[in-house]
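All remarks here apply to the structure that follows.
No lab work stands behind these numbers, since they all come straight from the coordinates. Values in this document were obtained by computation on a predicted structure and should not be read as measured data. Heads up, the Cβs are rebuilt from the backbone with ideal geometry, glycines too, and the neighbour counts pull from every protein chain shown.
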Amino acid sequence: MKKYLTILILFAGLLGFNTGIAKAQDTSNFTIEILSPAKVAEYPGKELKIKVKITNTTDQEIKNVFTYITMANLSKNWTVNLEDYSADQPVTIGTMKPHEEKIVNLPIQLVYTADYYLYTTVVSKENPVITSSVAIPVKIIGNTKIVPLQVQIVSTVMPLLLLVLLFITMKIKR
Amino acid sequence: MINTQQLKKVYDNGFEAVKNLSLHVHKGDIYGFLGPNGAGKTTTIRMLIGLIEPTSGELEVSNLNVKKNKEEIKKHIGVLPESHGYYEWMTGEEYLQFFSALHKLDKKQRKAKVAEVLDLVSLTSKANVKISQYSRGMRQRLGIARTLIHDPEIIFLDEPTLGLDPQGQKDIENILLNLNKVNGVTIFITSHLLKDIEKICNRVAIVKTGTLMEEDSVQSLLDKYKKEIHKEDLSLEDVFFHLTSDRKEEQ
Amino acid sequence: MFLALVKKETKEHIFSRKGIGFLFVVSLLLSILSFSFISVKELSLLDQPTVVMTTLKLLLGINILIAMVIGATMIAGEKEKGTLESLLLTPLTKRNIILAKLAAILIFWLIVTLVSLPYLFVLAYQANLFPTVLLYLYGIGTILIISFSSIALIFSTVLVSTKNAMILAIMAFLITAIPMFLSTTMKKSGLAKVISENSPVSASMTAMKDIFINKMAAPQVLIELIPVFIFFLLALFFALLIAKKVDFLRGE
């Protein structure tokens, strides 16, 4: 009996310990949610503000908190250089009190035509667990009116004309 | 026409190319400026035409102080440098048209003047041929034509017969004699071909290591050195070697 | 007199095999790029402002390089060929010689822009961009060409060899164009930051983006172009100052 009780206590202790480790790995100190817009479909040049709600879910004060935008280009399967979109500057929140909510606007300007996922991320220097929001779809619409035939004609005729001129010049020189 | 007083040129590296040179060229002279290599002939010409500044001394060309009238001088002189290039892609006529335009001749004047100078140097038949196809003699004649395009009073020719065959040399000499007699152009010429200088020049100056050794008419020089040199049929060449022979000994 | 020299330079460097060869190369590159915009999948997704911007960048880059190569050979080439002395013996001043050669390079640039207009027209078709393209091309483009050509003429005047003048000219262009090849992070600090903030090439590219994509107002764009204007004034000033050094190869 004593033997079985000891083994049970040991297992319970291990479980608690493992649960502790699992808890430490899964627990984020924040929740972050994009309030608006829900989705974007606009032309290049448009400036937007992404409204984000960040909540401190712990009972402690968290210092050195900041948030930023990230985008993934779904058309090219690439990351995005946010400097081109004027969205490379994080917004510093500073210190968040226990269970405090903060609403922040993150600016972005739409530039290159493609389909993207846009999400926001919150980070504190005190905790390596990074929290990101669910992404919103962003479509930057191409509005090209280029007529392919016109381009083909110009691309073919211009070099040919200059080549003929070159041959004429070479013949005259002789 | 050309006067220099104590003309001196010391280059940045300290080399004294011309030392206290005093020359006098009269209107209508064909003046030979003679000396061995490195005597300062090209440096002297470049000072006279205003391309380089003298270190000290005065110089006057066509009654103009060269230092104060560098741009004005160019209207009165024509220059054929020793080593010079041409725009090979131009024809002879285009080349002269270009320089006549640079000398501000108007369109009507240009056509007539170009035809005239081409005729003077016997290049009329080659006017529409590209310079790249010209022989050395033809290029020299074209160069002389260029010096005459704006009717200068004086022309400076630095080794105009260099590298030419005897016929080419003779052609150049005839052109220069004709220019002087018919057009009254004063000619300042440097050359190593002393026999040709003796034929065409009426006055010469002989320089050695930047210093003037003699300046006088050819005949006066020959008379002066007859007794000293003791030679029958004394030539300008003999006088030249007599005056510059110390250099050979030093070497 | 001045026009005669401009005419000669134009005939020698532009209406010649070399000049028309350059024009053909520019046209070929524009053709390849334009064709890519309609045939390559990723490029065909680009919006027209971006297409036009990319074309303008190529046009400017290639032509600054060509202008510098031509400029680098202009004085040093005359020295090597022995034709400079003859020019200096005419009533032309040294400053006139420099200005005439600069004018010839400018004429080359204008001819290149004429060749590029059909391309830019079809690529900016119905996007209401063509007037802006012309303004940028003939405004900022011309200023950049004059600036870089002046730099090339300075090297050509100071150096005896056309080869050395060309190498230096190309290096000078690459140094000002470095920011285009650097990553965003590198441009935020150190020497790269200094070059990026002061480079006329960098400033003109930023202005291009602000004009075509961000649709910024003219006063703001003009402020961004200050490095370009300063570079232009300095380059032209030094080119005219260095004209005194236009001199033939000496030696007796």
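So how far apart, in nm, are the two label points at B:Asn65 and C:Leu110 if each is 7 Å from Cα heading toward Cβ?
A separation of 4.3 nm, rounded to one decimal place.
First measure r as the distance between the Cβ atoms of C:Met216 and B:Glu72, then evaluate 1/(1 + (r/R0)^6) with R0 = 41 Å and state the FRET efficiency to the nearest 0.05.
Working: r = 55 Å, r/R0 = 1.33.
E(calc), rounded to 0.05, equals 0.15.
How large is the helix-only mean residue ellipticity at 222 nm for chain B, computed as the sum of -39500 (n - 2.57) over DSSP H runs with n ≥ 4, divided by its residue count, in deg cm²/dmol to the nearest 500? Please list the in-between numbers first.
Numbers: 9 runs with 102 residues, N = 251.
Calculated from helices alone, the mean residue ellipticity at 222 nm is -12500 deg cm²/dmol.
Please report, in whole Å³, the volume per residue of the convex hull around the C-alpha atoms of segment B:125-185. Don't jump to the answer; show the numbers that get you there.
Working: hull volume 5.8 nm³, N = 61.
Considering the Cα atoms of segment B:125-185, their hull volume per residue is 95 Å³.
Please work out, to two decimal places, the log10 of the ratio I(q)/I(0) at q = 0.08, 0.14, 0.15, 0.17 Å⁻¹ from a Debye calculation in which every Cα of chain B carries one identical scatterer.
-0.32, -0.96, -1.09, -1.33
So how tilted is helix C:226-241 from the main axis of chain C? Cα-based, degrees 0 to 90, rounded to 10.
Its long axis makes an angle of about 10 degrees.
State the Cα centre-to-centre distance between segment C:62-118 and segment B:154-179 in whole Å.
Measuring centre to centre over Cα atoms gives 34 Å.
For Cα pairs less than 8 Å apart in space and 6+ apart in sequence, what is the mean separation divided by the residue count of chain C, i.e. the relative contact order in percent?
Relative contact order here is 27 percent.
Would any residue of segment C:5-48 have its amide N under 18 Å from a label point 7 Å out along Cα→Cβ of A:Leu149? List them or say none.
Only C:35, C:38-39 pass the distance filter.
Compute the helix-to-body angle for C:200-212: its Cα long axis versus the longest principal axis of chain C, expressed 0 to 90° and rounded to tens.
Here the helix axis deviates by roughly 40 degrees.
Calculated FRET efficiency, A:Glu126 and B:Asp106, Cβ-Cβ r, R0 56 Å, to nearest 0.05? All intermediate terms of the calculation are to be shown ahead of the outcome.
Details: r = 87 Å, r/R0 = 1.56.
Efficiency, rounded to the nearest 0.05: 0.05.
By count of other Cβ within 10 Å, fewest leading, how are C:Arg95, B:Arg46, B:Arg141 ordered? List each step's numbers first, then the result.
Details: C:Arg95 14, B:Arg46 23, B:Arg141 26.
The most exposed by this proxy come first: C:Arg95, B:Arg46, B:Arg141.
Give me the dipole magnitude in Debye, nearest 20, for segment C:2-245 about the Cα centre, with unit charges on the beta carbon: positive for Lys and Arg, negative for Asp and Glu.
Details: 20 positive and 10 negative charges, 101 e Å.
My answer is approximately 480 debye.
My understanding is that a pair violates if its Cα-Cα distance is over 26 Å; which of A:Lys139/C:Lys215; B:Lys9/C:Lys101; C:Lys79/C:Lys244; A:Lys76/A:Lys145; B:Lys27/C:Lys94 do that in this structure?
On the way: A:Lys139/C:Lys215 20 Å; B:Lys9/C:Lys101 32 Å; C:Lys79/C:Lys244 15 Å; A:Lys76/A:Lys145 22 Å; B:Lys27/C:Lys94 31 Å.
Beyond 26 Å: B:Lys9/C:Lys101; B:Lys27/C:Lys94.
Can you check what the Kirkwood hydrodynamic radius comes to for segment A:28-164, Cα pairs only, in Å to one decimal?
On the way: mean 1/r = 0.0582 Å⁻¹.
Across segment A:28-164, the inverse of the average 1/r is 17.2 Å.
In degrees, nearest 10, range 0 to 90: what is the angle between the Cα axis of helix A:148-173 and the longest Cα principal axis of chain A?
Approximately 50 degrees, to the nearest ten.
Which whole-number percentage describes the relative contact order of segment A:28-164, with Cα contacts under 8 Å and a sequence gap of 6 or more? Before the final figure, lay out each step's value.
Numbers: 308 pairs, mean separation 44.9, N = 137.
Value for segment A:28-164: 33 percent.
With just the Cα atoms of segment C:2-245, tell me how far they stretch along each of the three principal axes, in Å, largest first.
Taking max minus min along each principal axis of the Cα atoms, segment C:2-245 gives 59, 41, 30 Å.
Roughly how many debye, to the nearest 20, is the charge dipole of the protein assembly as shown about its Cα centre, given +1 on each Lys and Arg Cβ, -1 on each Asp and Glu Cβ, and no other charges?
Values: 74 positive and 61 negative charges, 328 e Å.
It comes to approximately 1580 debye.
With a cut-off of 8 Å between alpha carbons and a minimum separation of six or more residues, what is the relative contact order of chain B in percent? Let's see the in-between values first.
Numbers: 429 pairs, mean separation 64.2, N = 251.
For chain B, the relative contact order is 26 percent.
For C:Ser39, C:Ser27, C:Ser149, what's the fewest-to-most ordering of other Cβ within 10 Å of each Cβ?
Numbers: C:Ser39 12, C:Ser27 24, C:Ser149 29.
Starting with the residue having the fewest Cβ neighbours, the order is C:Ser39, C:Ser27, C:Ser149.
For the protein assembly as shown, what does the equivalent ellipsoid look like in terms of its semi-axes, each the square root of 5 times an eigenvalue of the Cα gyration tensor, given largest first in whole Å?
Numbers: eigenvalues 1233, 177, 77 Å².
Taking √(5λ) for each eigenvalue gives 79, 30, 20 Å, largest first.
Just to be sure I understand the model, the point goes 7 Å from the Cα along the line to the Cβ. What's the resulting B:Ser122 to C:Lys245 distance in nm?
About 4.6 nm, to one decimal.
Taking the Cβ of B:His24 as the center, what net charge do the other residues with Cβ under 12 Å away carry, scoring Lys and Arg +1 and Asp and Glu -1? Kindly include the intermediate steps, with their values, before the conclusion.
Values: positive: B:Lys27, B:Arg203; negative: B:Asp29, B:Glu60, B:Glu215, B:Asp216.
Overall, the nearby charge balance is -2.
Alpha carbon centre of segment A:100-151 versus segment C:133-156: separation in Å?
First find each Cα centre; the distance between them is then 38 Å.
So how strong a dipole does segment B:1-159 carry about its Cα centre when Lys and Arg Cβ are +1 and Asp and Glu Cβ are -1, to the nearest 20 debye? Could you put the intermediate results ahead of the total?
Working: 23 positive and 19 negative charges, 67 e Å.
Charge dipole, segment B:1-159, about its Cα centre: 320 debye, nearest 20.
Using the charge dipole of the protein assembly as shown (Lys, Arg: +1 at Cβ; Asp, Glu: -1 at Cβ; taken about the Cα centre), state which of B:Gly50, C:Asn128, B:Ile77 has its Cα farthest towards the positive end.
About the Cα centre, the residue reaching furthest to the positive side is C:Asn128.
By counting other Cβ atoms within 10 Å of each Cβ, how are B:Phe188, C:Phe35 ranked from fewest to most?
Values: B:Phe188 27, C:Phe35 17.
Fewest to most other Cβ atoms nearby, the residues stand as C:Phe35, B:Phe188.
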